[in-house]
Structure formats: C-alpha cells, structure tokens
Amino acid sequence: MAVPLYLRIGIRYFRRASGNDRFLSLVSWFSLLGMLIGVVSLIVVMSVMNGFERELQQRVLSVVPHGYIEGPQRRLADWQAYANSLADKPQVSGVAPYVGGKAMLAVFKRLRGVSLYGIDPEQERGVSSVAEHMIAGAYLSDDGSGQYQIIIGDILARQLGVSIGDGLTVILPKVTVTPFGLYPREKEFTVSGVFSAGAQLDATSAFIHIRDAQRLYQLGDDVEGLRLQLTDMFAAPQLLPALAAELPEGSLAVSWSDSQGSLFQAVKMEKQMVRLLLLFIVLIAAFNIVSILSMAVSAKRGSIAVLRTMGSTPGSIMAIFIVYGMATGLIGLGLGLLIGVPLAQNIGGVVAFIEQLSGMQLFNPQVYFITHLPSHLQWSDVAVVSGFALLLSLLATLYPAWQASRVQPAEALRYE
C-alpha cells in the first residue's frame, strides 16, 4: 500500500528538522523532551497518589467497618435477631453489635477526645481487623467483661503517656444526678492492649468490652447499633439504606464514605489538583510545537510554493504540517510511556535504592505511617494522559498548519 504523499513529506520534514537551523532543532528537541517529562511525571505522580489512596483505604477500613446501622434513639433491642437476619444477606460478610460514641480519656492532666466503641471481641473480628493490628498487650477477651479493660492506638498511648497495665479514666458526655449536683459519668479502665493500624485512627480510637460499655451507657442488654462488613465496600452508600429498612423505623445507616468521607474527599481533591498542575508541563510542550511549526512554515515557504504549483491542495499542505507537529508529540508520548509505566510500577524500589545510596530516610514512619512509597498504576489514568497529550499536540498543529495552507505561490517565489 502506497504511503500518502503528505505523510511522507511531513515525516521527512520532521527527520530533517535540524538542517542548517540549529535553533529550530534545539526547540524541536526541547518540545519532545517537554512532552516526555510531562507524560512521565503525570503517570508516576498519579500512580503514587493512587497508591496513597489505596493504602489509606486499606488501613482506615481495617479498623473502621464498611458501615453501621444505628438503632432509633441510639438504642436497638432484640439486636441478635436483626444481626442474624442481616448476616444471611449475600452482600453482608460480617455483623457485630456496638455501643459507644465520643468520649474523653484522662490521665493526670492529659486529656484526649476519642471515638470509644464497646465491641463483642469475637463478633468484631468479622467486621474489622483490630485484633490483627495489636502491637503490645492483648486483644479484648470474651471473658473480659467486668474487668474494665481498654485497648487504644499507639499514637494515643504516646500522647497520654500510658502503657500496658496503666489506668486511665473514661469520661462520657453524659451527666449523673447526685445529691451534690451534676457530675459527668466516668469510669476507671486499665490499658490491656495497644494496636497500630498505621493511620490517623491510631490517635482517635479506643475499644472496650461491649458488656462494660452497656453498663457504662446504662443500656442493659440493648446496643446502640450494628457494625457491618460488606462483600463490596464501594456498594456501601447504596446498600446500607436498604438494609436499615429491615430494622425498626428510625434506624440510621452510615457508610464509611459518610464517616470518613471528608478524609477521602481531601485525598481526591489533592489528586485532582496535582494532576492539573502537572498537565501544564504537557501544555508547555504543546506550545513549543506551535513555535517549531511556525518557524518551519517561515523557513519552508519556498518549498510550500513549489508543492502548490505542482498541484498540492491547501488541505494536503495543512496535513503535511499536522503530521510534522504530531510526530513530535507522538514520539514524546511514546518515550514517556516507555519510561513512565515501568517507573510507576517500580517507584517503591527506585526510592528505596535512592535511600540506601544516599543514606537518607524519605519517609519517617512516625509521621507518614509508611516506610515505603506506595504506587498503584491504573491503565485508565494512562489512557487519559495519552489522550490529553495527543489532543494538545493536534490542537497545537492546527494554526501553524492553517497558516502554511494560506501561502500564495507567486508571493513566496517572488524572491527565490
């Protein structure tokens, strides 16, 4: 099959772009390099941001269930029957009762606000993996009721200055009426274990036995609601309201996207802003394509005029310079993909090698909760970056190519 004339000439112009014009050659290489750097930066940074988002989801949702259903007036009687009914649903993989809410932990003069959960130690294993993240002491035992034991996150333990066996006071936002006045409800607990999920929850969560919580909140045998684990975490916002409809009227369903929504929305917004900023690198590369094509049109006015006198149409002249400009974008994009995709997939190893070579620690686990750079390459992101780079390259060629198609042969050859 014969190659179209405009394609052959456009590629020939690109290959001979250096010629005697060293400046045009330099701008061409900078344009190609800019496209390459922009594509590599976008793929690598977006993969790292995806990795951080996935790491955050795994760590947060290892402690926080996919959702919970709160009973009417924060009280659910006959909860065992409802728990068994929900557990039979194919979309539900785990159900556990809970009692709790906001509370204060006090040790000497140190105070910290936490989310306090009274849990059934055995059933809780089906909705969260707190037991698997214990780093000191022991997880709550089934026979721990009445011992008033508490497990807290490692960051919270450091902030309060407590360790295994130390006592702390749990203060609830409820008052007890006595002959001497109103006093906040409080109880002394003993730290029996410390967990670390590697997320901010290590500084804001505490767990006690559900029997102790029922006595503390004066609920008798009732609970406040049920914690649920689903087979598909992303279906939680749509599925939980339907499940809540099977509980008494007034029950409230809250998914992980509601309870932790602001955290994940902040990550998504940050990812979008970083993506937008890096797109400017590709945009600058596209402006360079406009520059090299404009200079090429000026330098090749005589050649354009000859082609016109030989019968080339304005459309074919325009196609020649579109091919010329697109070649720069395509090669830059291709090289960017060849470098960016493997780099994104192995960025953790590359950073670890740099740390080992330089002796520096880029990620302090005490600050970032991680010891390595996470990365998760999504081919949809690669497709978006490739499409955006190609679209900008095409748009950048249109005006200079249109200018080339308007060159008049007689005017261009007057001084040749």
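The values are calculated or read from the model by the stated rules, or taken from the named source; none is laboratory data. Here the structure is a predicted model, which is why all the values come from computation and not from measurement. So basically every Cβ, Gly included, is an ideal-geometry build from the backbone, and we count neighbours across all protein chains shown. Only protein heavy atoms, including side chains, enter the accessible area calculation; ligands, DNA and RNA are left aside. Shrake-Rupley method; radii C 1.70, N 1.55, O 1.52, S 1.80 Å.
The table below gives the values:
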| read-out | value |
| --- | --- |
| Residue pairs meeting the criteria (Cβ under 8 Å; at least 6 apart or on separate chains; first of a type in the set (Phe, Trp, Tyr), in region 384-406; second surrounded by fewer than 19 Cβ atoms within 10 Å (Cβ to Cβ) and part of a helix (DSSP H, G or I)) | Phe388/Leu279; Tyr399/Val290 |
| Residues being of a type in the set (S, T, N, Q) and touching a strand residue (DSSP E or B) at 6+ places or on another chain (Cβ under 6 Å) - total across region 230-247 | 1 |
| Set Val254, Val306, Val267: member being open to solvent by less than 50 Å² (accessible area, probe 1.4 Å), of a type in the set (A, V, I, L, M, F, W, C) and assigned to a helix (DSSP H, G or I) | Val267 |
| Members of region 115-168 found to be surrounded by fewer than 20 Cβ atoms within 10 Å (Cβ to Cβ) and in a strand (DSSP E or B), listed by number | Ser115, Met134, Ile135, Ala136, Gly137, Gly167 |
| Single residue of Gly340, Gly334, Gly325 found to be more than 24 Å from the chain's Cα centre (by Cα), open to solvent by less than 40 Å² (accessible area, probe 1.4 Å), modelled with pLDDT of 85 or more and not β-branched (Val, Ile, Thr) | Gly334 |
| Among (1) touching a residue at least 60 places away in the same chain (Cβ under 8 Å); (2) farther than 19 Å from Leu219 by Cα, the one test that Asp154 misses | (1) |
| Answer residue from region 51-110, given it is among the β-branched types (Val, Ile, Thr) and under 24 Å from Glu122 (Cα atoms) and is surrounded by the fewest Cβ atoms within 10 Å (Cβ to Cβ) among those | Val60 |
| Pair list, Cβ under 9 Å, 6 or more apart: region 332-358 residue more than 30 Å from Asn288 (Cβ to Cβ), other residue in a helix (DSSP H, G or I) | Gly348/Gly51 |
| Index of the failed condition, Val323 passing every other in (1) in contact with a strand residue (DSSP E or B) (Cβ under 6 Å, 6 or more places away or on another chain); (2) farther than 25 Å from His376 by Cα | (1) |
| Condition broken by Gly34, with the remaining ones in (1) among the small types (Gly, Ala, Ser); (2) modelled with pLDDT under 85; (3) in contact with a Ser or Thr (Cβ under 7 Å, 6 or more places away or on another chain) satisfied | (3) |
